[in-house]
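Q: So that we are looking at the same thing, I have put the structure below in structure tokens.
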Amino acid sequence: FGTEEVAKLQKHLALLRQEYVKMQQKLADTERRCAVLAAQTSSQGSPGPAAADTFISRLLEIVASLYKQEQYRYST
């Protein structure tokens, strides 16, 4: 390979890495939004088998149950 060819390949590899990072970030964002939607669905009374087992849905249930307790309510 010539110097020019190597530089081209390095530039292409750098672009591919950037695209890979972008795709990983989009995947993480999509998974987060999916978990939030699943938690919202289960908290609205129609839990699916997968939605009831998500971390966020369990966390929302815990927060909701704590909020119902007088000692954990925020009072102004």
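Each value in this text was obtained by applying a stated rule to the coordinates, not by laboratory testing. Quick caveat, the model's predicted, so the values are computed rather than measured. Positions of Cβ are backbone-derived with ideal geometry, glycine not excepted, and every protein chain shown enters the neighbour counts.
Q: If r is the Cβ-Cβ distance from E70 to C34 and R0 is 35 Å, what FRET efficiency results, to the nearest 0.05? Mind dumping the intermediate values first?
A: On the way: r = 34 Å, r/R0 = 0.98.
The pair E70/C34 has a calculated efficiency of 0.50.
Q: Report the gain in length on full extension from Q18 to E4: 0.36 nm times residue separation, minus Cα-Cα distance, nm rounded to one decimal.
A: Numbers: separation 14, 0.36 × 14 = 5.04 nm, distance 2.13 nm.
The Q18-E4 span can extend by a further 2.9 nm.
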